[in-house]
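The values are calculated or read from the model by the stated rules, or taken from the named source; none is laboratory data. In this text, all values refer to a predicted model and were calculated from it rather than measured experimentally. Cβ placement follows ideal geometry from the backbone for every residue including glycine, while neighbour counts extend to all protein chains displayed.
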Amino acid sequence: MNLNLSTSRHGRIIQAVCSGTAARLLTTAVTLVALPLAVRYLGAERYGVWATITTTVVWINLLDLGIANTLTNHISRAYALDDKASAAVYFTNAFVLTAGIVALVGLAFAVVFPRVNWVGLFNVNAGVSAAELKHTVAAAVALMLLGLPCNLTSKLLAGYQELHRNSYAICAGAVASVLGLAAGIMLQVSMPVLFVMSVGCLPLANLAILVSVVTWHKPWLLPRPSLVRRSAITELLDSGSSFFLIQIAAVVVFSSDNLIVSHYLGASEVTPYSVTWRLVGLAGMLQSLIFPALWPAYTEAYAKGDYDWIRRTFAMTMKGTVALNLSCVIALMLFGRPVIRVWAGPNAVPSIQLLFAMGTWAVVSGFMSVESCLLAALNRTRQQAGLSIVAAAMNIALSLVLVRHIGSLGVIGGTILSYLIVLVVPQSMIVRNVFRTELATAGNLPRAFRPSLLAEQETEASLTLCQGLVDPDL
């Protein structure tokens, strides 16, 4: 089998995973250094506020309406068919849509911001001033809005199976982040300034790589008014709707916990919960590295009718993910508490019950992620989207009830129970049905991946290419 990194599908996956591993090792090292520095500098309550703000503003990512995720599928299809014109149209319209959303949301936030009681919302005590809290929230929202169109970079490069380029931006942002944090601590800056100096580095790195891609590496993708198409906008919004619902569910699961813990138990209780969540999240490192590369590879293989490759790769990924997650969870149960004590201090040490519950979630989440990656790549997400919303709603309800009885353990317990009850079995049945029908035998080009732009639009774009606006050798 040819494993040339520039031409082989397996080779591109290996290249993406290797570069992603290097980036993840670097960001993990940065986290290992930065987290205890931030905890010790800010203190338990202020760091709890920091962590709550950081995870809560992730909700802003929902505002792309699923456009970024569906862009990966459109670019992957264009790449499989060697259709630069289609790729340029979809990227331009995705960028225009996202930029417009950012402008509208920024204006709305500016109107609402002064009217919110942020101190009451985050349940902070005298250790955090109202002005400091408000300025940190404002900085976090501004950075997330800036990052929204920049997030298209990773999805665009994923579609071309060139995620290694995005890894460069992640590495640069991670190094700049820890340097900014260290500089802010040395200068004894306030929490909002420290937030900008640290967290603000990654959006700027993403912006830099985006500009580089569309102006130099792939100039045919440079957004132009002539490429704006109503049909492309409609298709992006339609195919993105399922991803949007799944994103809502994911944000509820991964971003509401700290807010619930802070509101009912106090900001100081967020620290052990948040630190434990980060450590347990390391168990999912493999899938976080390989799935972004597998997604566009699945899409490309599906567009070309290479169903055998999909079946083999899925089976191998499932076995490897489950085995690795179980091994990591066992190690965390044995060594997690002493590691956290040394790493982040005694205030961040969780109970053994909380550590076990989060380990259980890591195993469940890993199993489901393997299936979700395939469904997303094949645009088979509508049923999964509906189930995810129901599971997320149940998650919130259970968490609000259980947190009052068993503390922070009830928050992660609500997550586990809701997904086991609502999502795990139905999603597995959907995947099984896909294998029995659509992926049973190789056939013609799947209908979901046939070119969907009007012939007239394709002709216009092709003429643009012929006029020398695109370098055909790139």
Checking Val33 against (1) in contact (Cβ under 8 Å) with a residue 40 or more places away in the chain; (2) within 20 Å of the chain's Cα centre (by Cα), the condition it does not meet: (2)
Being crowded, with 24+ Cβ neighbours inside 10 Å, touching a residue at least 24 places away in the same chain (Cβ under 8 Å), in contact with a helix residue (DSSP H, G or I) (Cβ under 9 Å, 6 or more places away or on another chain) and small (Gly, Ala, Ser) is the requirement here; does Ser268 meet it? no
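Which ones in the stretch 162-191 are under 23 Å from Ala138 (Cα atoms) and under 17 Å from the mean Cα position of the chain (by Cα)?
Gly173, Ala174
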Taking Ser226 and the conditions (1) closer than 21 Å to Pro36 by Cα; (2) of a type in the set (Gly, Ala, Ser); (3) in contact with an Asp or Glu (Cβ under 9 Å, 6 or more places away or on another chain), which numbered condition does it fall short on, given that it satisfies the others? (1)
Taking the condition more than 28 Å from Asn125 (Cβ to Cβ) and part of a helix (DSSP H, G or I), does Thr28 pass? yes
Of (1) modelled with pLDDT of 85 or more; (2) touching a helix residue (DSSP H, G or I) at 6+ places or on another chain (Cβ under 7 Å); (3) closer than 23 Å to Thr55 by Cα, Ile310 fails just (3)
Quick check on this structure: which one of Arg40, Arg12, Arg77 is touching a helix residue (DSSP H, G or I) at 6+ places or on another chain (Cβ under 6 Å), of a type in the set (D, E, K, R) and in a helix (DSSP H, G or I)? Arg77
Restricting to the stretch 226-264, and then to whatever is surrounded by fewer than 18 Cβ atoms within 10 Å (Cβ to Cβ) and touching a Gly at 6+ places or on another chain (Cβ under 9 Å), can you tell me which residue is nearest to Val96 (Cα to Cα)? Leu237
Which residue is farthest from the chain's Cα centre (by Cα), if the candidates are limited to the stretch 192-205 and must be buried (at least 22 other Cβ atoms within 10 Å of the Cβ) and not aromatic (Phe, Trp, Tyr)? Leu194
Scanning the stretch 291-325 for residues that are among the charged types (D, E, K, R) and under 13 Å from Asn73 (Cβ atoms) gives Glu300
So the check is Cβ under 9 Å with 6+ separation or different chains; which pairs have a first residue in the stretch 331-344 that's free of Cβ contacts under 8 Å to residues at least 12 places away in the same chain and a second one that's part of a helix (DSSP H, G or I) and surrounded by 14 or more Cβ atoms within 10 Å (Cβ to Cβ)? Ala331/Ala283; Arg341/Ala348
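Residues that are in contact with a Ser or Thr (Cβ under 6 Å, 6 or more places away or on another chain) and farther than 28 Å from Ala323 by Cβ: does the stretch 368-375 have at least one?
Within the stretch 368-375, not a single residue is in contact with a Ser or Thr (Cβ under 6 Å, 6 or more places away or on another chain) and farther than 28 Å from Ala323 by Cβ.
To keep it simple, each residue is scored yes or no on (1) under 27 Å from the mean Cα position of the chain (by Cα); (2) at negative phi; (3) at pLDDT 90 or above; (4) assigned to a loop (DSSP other than H, G, I, E, B).
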| residue | (1), (2), (3), (4) |
| --- | --- |
| Ala397 | yes, yes, yes, no |
| Gly413 | yes, yes, yes, no |
| Tyr419 | yes, yes, no, no |
| Thr441 | no, yes, no, yes |
| Glu456 | no, yes, no, no |
| Leu474 | no, yes, no, yes |
In the stretch 370-385, residues that are surrounded by 17 or more Cβ atoms within 10 Å (Cβ to Cβ) and assigned to a helix (DSSP H, G or I) total 10
Matching residues, the stretch 20-60, being closer than 28 Å to Ala87 by Cβ, of a type outside the set (D, E, K, R) and in contact with a Leu (Cβ under 7 Å, 6 or more places away or on another chain): Gly20, Thr21, Ile60
Condition broken by Leu387, with the remaining ones in (1) closer than 21 Å to Val251 by Cβ; (2) at pLDDT below 85 satisfied: (2)
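Does Trp220 satisfy the criteria of being touching a residue at least 24 places away in the same chain (Cβ under 8 Å) and either under 30 Å from Leu400 (Cα atoms) or assigned to a loop (DSSP other than H, G, I, E, B) (or both)?
When the stated conditions are applied, Trp220 does not pass them.
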By residue number, the members of the stretch 319-344 that are crowded, with 16+ Cβ neighbours inside 10 Å and either touching a Gly at 6+ places or on another chain (Cβ under 9 Å) or not in a helix (DSSP H, G or I) (or both) are Thr321, Leu324, Asn325, Cys328, Val329, Leu332, Gly336
